Amino acid sequence: MRALYLGSGRQAARVRASSSLSVRRMPPAYSPPMTANESDALAGIPRELRDDVRLLGDILGRVIGHHRGADFVDLIEDIRALAKAARRGSEADWERLSRRLADIPEHLLPDIARAFNQFLNLANIAEQCHAAPAPHWPSVSAEDLTGVRVELVLTAHPTEVLRRTLIQKYDAIGAELAARARFGDAERRESDERLERLISEAWHTDEIRRERPSPEEEARWGFAVIENSLWDAVPKAMRDLDAALPQPLPVSTMPYSFASWMGGDRDGNPGVTAAVTRRVLRRARWTAADLLLRDVNALSASLSMTACTEELRAAAGGEFEPYRAILHRLRDRLFATRAWAETDEPPPADAILYDREVLGPLLLCHRSLVACGMERIAGGPLLDTLRRVHCFGVCLAWLDIRQHAGRHEAVLDEVTRYLGVADDEGGRGYADWDESRRVAWLQGELQSLRPLFPREWPVSDESREVLDTCRVVAENDAVGIATYVISMATAPSDVLAVALLLRESGLDRNLPIAPLFETLDDLNAAATTLDALLSLPWYRAYVGDSVQVMIGYSDSAKDAGQLAAAWAQYRAQEAIAEVAARHGVRLTLFHGRGGAIGRGGGPSGQAIASQPPGSMSGSLRVTEQGEMIRFKLGAPQIARATLSIYLQSTLRATVAPPPAPVAEQRSAMTELANACLASYRDTVRNAEFVGLFHAITPEGELADLSLGSRPARRAEGGMPAKADDLDRLRAIPWVFAWTQIRLMLPPWLGADEAVRWLQANPSAYETLRIWPFFAMQFDMLAMVLAKADTTLARYYARRLADAPQQRMTEALIARLESLRKTLPQLDGSGTLLAHDAAMRDSIIVRNTYLDPLHLLQAELMARRRTGNDAEAVRQALNVTMAGIASGLRNTG
C-alpha cells in the first residue's frame with residue numbers, strides 16, 4: 001500500500017495568508033512535466049509532514065481494504081500507477097489510463113472516485129496541521145491599533161463541496177493529528193486507534209449532499225466555525241498582540257469582528273425569506289448565549305476568592321463569595337436568553353439583548369480583581385471572556401442583509417402607482433422616472449412626517465417579502481444587523497430607496513447602507529455616485545462621519561476579465577477614497593472577494609498591501625467565502641495565524657501605504673486593461689462560445705452537487721434564467737466549471753494580449769514590475785497558469801465536444817500555452833513560479849491523485865450525456881467534482 005499513499009505527501013508547510021493552497025500544472029500536450037519530478041518534490045517536503053501524510057494514507061488504505069478487499073485496493077493502485085506513468089510518459093500512456101477507467105464496472109465507480117477524493121482530503125488535513133506558524137509581530141504600539149478594525153464577513157457561497165458532517169470528522173482527524181505530535185509511544189498507539197476509527201467513519205460517510213442545504217443550515221455551519229475555532233482563536237490572537245507590546249492592551253481594545261451573510265443574503269435566493277432571517281438572528285443569539293454560559297460556568301468555578309472592592313460587594317448583596325454571586329446572576333440571565341431564543345415570542349424582562357448587559361458584570365469582577373492585587377487572575381480566562389464579548393457580543397456575528405436594487409425599485413413602483421403619484425406626463429410609476437425625479441421624490445419622502453405606505457394595499461408577494469424583511473431589520477432597532485448591502489447598485493436613488501423602506505418599517509437607527517458596485521460600468525461610475533450621495537444634505541446627515549461602499553470582485557471579473565476588472569477596482573477605490581476625504585467622512589471599503597483568482601482570491605496579505613494608498617484608513621471589511629472559511633478559519637491555530645496576517649497587513653497599509661502609481665504606470669496599466677478587456681469580451685461574447693462552455697465543462701452537472709442554497713443563475717422579472725444566458729450565470733459556477741476541467745479560463749483569458757503588449761514595450765514592464773498592485777496581479781496569473789493543464793483540457797474536449805468545439809478548444813489551448821511561455825520570459829526566470837518552490841512542489845505531487853479524477857469525470861460526463869443516468873454514474877460524477885474541488889482548494 002505504500003505507493004498508494006506516499007504520493008499524497010505534498011508541499012512544504014507554508015502560510016501565505018492565501019485563500020488557497022496550490023495544485024499542479026500539467027504539461028502542454030503530452031510532454032514531460034514542469035521542471036521537477038514527483039520524487040524531487042517529495043524530497044523537499046518536511047519530514048514531519050511527509051510522515052503524517054504517510055500515516056493517514058496507510059490508515060486509509062487499511063480501512064478501504066477492510067471494506068472492499070485486496071482486489072479493490074489493487075485496482076486503485078493500478079490506476080494510480082497508470083496515472084503516474086502517464087504524467088511522465090506519452091500519449092499512449094494517457095490512452096492506457098483512459099481505457100482502464102472506461103473498463104471499470106459501473107458499480108465500482110463511486111468508490112474508486114471516493115478513494116482518490118479521500119486521499120486528497122486527508123493530505124489537506126496534514127498540510128493544515130503543519131501550515132500555521134506562530135504569529136510574528138513587528139514593532140507595534142497600542143496607539144497604532146487605535147481605530148483599527150478588521151471585520152471578516154462569512155458567506156455561504158456555494159464553493160464548499162463537503163457536507164458539514166464530513167467537515168466535522170475531518171476537523172476531529174486534524175485535532176487528533178495535531179495532538180499526536182505531543183504524545184509518547186503508548187499514547188501514540190491509542191491515538192492511531194482513534195485516527196483509524198475517525199478515518200473509517202469518514203470513509204463510510206457519503207461525501208455528497210442529497211439535497212441542497214437550506215439557508216438556516218448554512219447559517220448553523222457558520223456558527224459552528226465560530227464555536228469550534230474562532231471562539232478559541234480570537235483571545236489567543238489577542239494574547240499574541242499583548243506579547244508584542246510593551247504593556248498588554250486595554251480590556252476594551254478589540255480590532256476583530258465577524259459578520260455573516262448566511263440567512264441574510266437574499267439576492268437571487270428565494271429560500272432566504274424574512275422568516276428565515278428572523279430565525280437565523282435568534283439562532284445566533286442562542287449560540288452566543290450558549291457559548292457565554294460555558295465561559296461563565298467555568299469562571300464561576302474558578303473565581304472562588306472573597307477579597308473584593310466595596311463596589312463589587314455592594315453589587316453582590318454582601319454574599320460570602322461575591323464573584324460567584326455576580327456570575328450566578330449572569331448565568332441565570334443567559335439561561336433565560338437561550339430559552340427565549342428558541343421561541344418566536346417577544347423577549348422576557350430577564351433576557352439579554354445588548355452586549356453591555358454581559359460586559360457590566362464581567363468588568364465589575366475584572367476591576368475588583370485588579371484593585372485587590374489579583375491581576376494575574378484578572379488576566380486569565382476572565383480576560384479571554386471579556387474579549388470574546390467585545391468581539392462576538394450577544395449576537396455572535398452580526399448579519400448583513402443583501403438584496404438586489406431592482407427589488408426595492410419594484411416596491412416603490414407598486415406603491416407610487418397605487419397612490420397615484422405621477423410625473424408631469426401622468427400615470428407612470430417610480431420605475432419610469434429618471435434619476436433626478438427619483439432623488440427629489442425620495443428626499444421629500446424621507447423628510448416627510450407622514451407614512452408612505454397605506455395599512456392595506458394590493459402589494460405583490462415579491463414586494464411584500466421585501467417589506468417584511470425591512471420589518472425584521474427594524475425589530476430591536478436592528479441590533480444584530482450589521483449592514484444593508486444593495487446588489488447591482490448604479491445610482492444614488494438605489495441607496496435612498498433602502499433608507500426610505502427601512503424608515504417606513506420603523507427603524508430609528510441609521511443602519512449602514514452599502515451600495516455594491518459590481519460591473520465594469522458601475523465601478524467606473526462608483527465615485528460619481530458616492531459624490532452625488534454625499535452632496536445631499538439628508539444623506540450626509542444620515543451617514544455621520546463614516547460611509548461604507550462595497551466593491552464586487554466576482555461579477556466585474558466575469559464581466560470584463562480579471563486584469564481589466566482589477567484595474568477598474570483599483571481606480572474605483574482610489575476615486576471613492578478621494579470623494580470620502582473631500583467630504584470629510586471615514587471610508588470603509590467592503591471587499592467582496594472570492595476564493596478563486598478569477599473572483600478576487602489570492603494571498604490576503606499581498607492583496608491588502610496592493611490596495612490604493614488612502615483606501616484602508618485602518619478599516620478592512622472583507623468576505624470569507626465558501627470553502628475558504630474552512631481553510632483559513634476552520635481550525636483554531638490556522639484561524640489565529642489568519643487573524644494575525646489580516647491585522648498586520650491592515651496596519652501596514654494604513655501606517656505605511658504603498659506609493660501611488662506614477663503617470664507612466666497608470667498609462668501602461670490602462671493599455672493592458674484595454675487589451676485584456678477587448679480580447680476577453682471578443683471571446684466570451686462569441687455566439688459559439690456558450691455551446692463550448694456547456695459541452696466541455698460540467699456546468700450543467702453542477703446542479704446535482706447541491707453546493708449551496710442559492711441558484712446558480714440570477715432570475716429576472718420573476719422568470720427562471722435561461723441555460724444559454726451567460727450574463728445571468730453567477731460568477732461562482734462560471735469559475736467553478738472552468739476550474740474543474742483545468743483550463744482555468746476566467747483569470748487568464750485576455751491576459752495573453754496584455755503580456756504581448758508588454759513584450760513589445762519592455763520599458764513599460766520595467767516601470768510596472770516595482771508596483772505592488774501589478775506584482776500581485778502577475779504573481780496570481782503565474783499561479784493560475786501553473787495550475788492550468790492543457791493535457792486534461794484537451795482530453796475533455798476530445799471526449800465531449802464536436803469537431804468545431806474541439807477546434808475552439810485548441811485555439812484557447814494555444815493561447816494558454818503561448819502565455820505560459822511568454823510570461824516567465826518577461827522577468828527572465830524562464831519558468832513559472834521560479835521564486836516559489838514550495839508551491840511548485842505542491843502542484844507536481846498532486847498530479848497522481850487528481851489525474852484519475854479528471855479522466856473519470858470526463859468519462860462519466862460522456863456516459864450521462866449519452867443517456868446513462870444510473871445512480872452509480874451520478875454519484876461517481878458528483879464525487880469527482882467534490883474531489884477535484886478539494887484537491888484544488890479554491891475552485892470557486
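The numbers here are math on the coordinates, done by the rules we state, and not lab data. Keep in mind it's a predicted model, so treat the numbers as computed, not measured. So basically every Cβ, Gly included, is an ideal-geometry build from the backbone, and we count neighbours across all protein chains shown.
Sort all Cα-Cα distances of the stretch 755-884 into consecutive 10 angstrom bins from zero, then give the percent of pairs in each bin up to the one containing the longest distance.
Values per bin, smallest distances first: 11, 31, 29, 19, 8, 2.
Just to be sure I follow: if Rg is taken over the C-alpha atoms of the stretch 197-287 and Rh is the Kirkwood radius over the same atoms, what is Rg/Rh?
On the Cα set of the stretch 197-287, Rg over Rh gives 1.12.
Using 0.36 nm per residue of separation minus the Cα-Cα distance, give me the extension gain between SER90 and LEU467 in nm, one decimal.
Details: separation 377, 0.36 × 377 = 135.72 nm, distance 6.30 nm.
Full-extension gain reported as 129.4 nm.
At 25 °C and 0.890 mPa s, what whole-number value in µm²/s does Stokes-Einstein give for the translational diffusion of the stretch 494-597, with Rh from the Kirkwood sum over Cα pairs?
Numbers: Rh = 14.3 Å.
It comes out at roughly 172 µm²/s.
Can you list residues from other chains, or at least 5 along the same chain, whose modelled amide H is less than 5 Å from the amide H of ILE481?
LEU399
Can you figure out the FRET efficiency of GLU342 with ALA678, using R₀ = 56 Å and their beta-carbon distance, to the nearest 0.05? Mind showing how you got there, number by number?
Details: r = 57 Å, r/R0 = 1.02.
Step by step, r from the Cβ atoms, then E = 0.45.
Near the amide H of VAL394, under 5 Å away, which other amide H atoms are found, from residues 5 or more places off or on another chain, if H is placed in the peptide plane?
Sorted by chain and number, the residues that satisfy this are ASP355.
Working out 0.36 nm times the residue gap between ARG356 and ILE104, then minus their Cα-Cα distance, what length gain in nm do you get to one decimal?
Working: separation 252, 0.36 × 252 = 90.72 nm, distance 6.33 nm.
So the chain would gain 84.4 nm between ARG356 and ILE104.
Would you mind computing, in nm to one decimal, how far apart the modelled labels at ASP192 and LYS821 are, each placed 7 Å from Cα along Cα→Cβ?
Computed distance between label sites ASP192 and LYS821 equals 5.2 nm.
If r is the Cβ-Cβ distance from MET374 to LEU449 and R0 is 51 Å, what FRET efficiency results, to the nearest 0.05?
According to the calculation, E is roughly 0.35.
Can you give the FRET efficiency for ASP434 and ALA224, using 1/(1 + (r/R0)^6), R0 = 56 Å, r = Cβ-Cβ distance, to the nearest 0.05? Let's see the in-between values first.
Details: r = 48 Å, r/R0 = 0.86.
Step by step, r from the Cβ atoms, then E = 0.70.
Quick one: length gained pulling ARG367 to GLU664 fully straight, 0.36 nm per residue minus the C-alpha distance? Could the numbers behind the result be given before it?
On the way: separation 297, 0.36 × 297 = 106.92 nm, distance 5.80 nm.
Stretched fully, the ARG367-GLU664 segment lengthens by 101.1 nm.
Amide H to amide H, which residues 5 or more places from ARG586 or on other chains are under 5 Å from it, using H placed in the peptide plane?
Long-range HN contacts for ARG586: SER546, VAL547.
Sticking with the crude label model, points 7 Å out along Cα→Cβ, report the distance from LEU245 to ALA314 in nm, one decimal please.
Label at LEU245, label at ALA314, 3.0 nm between them.
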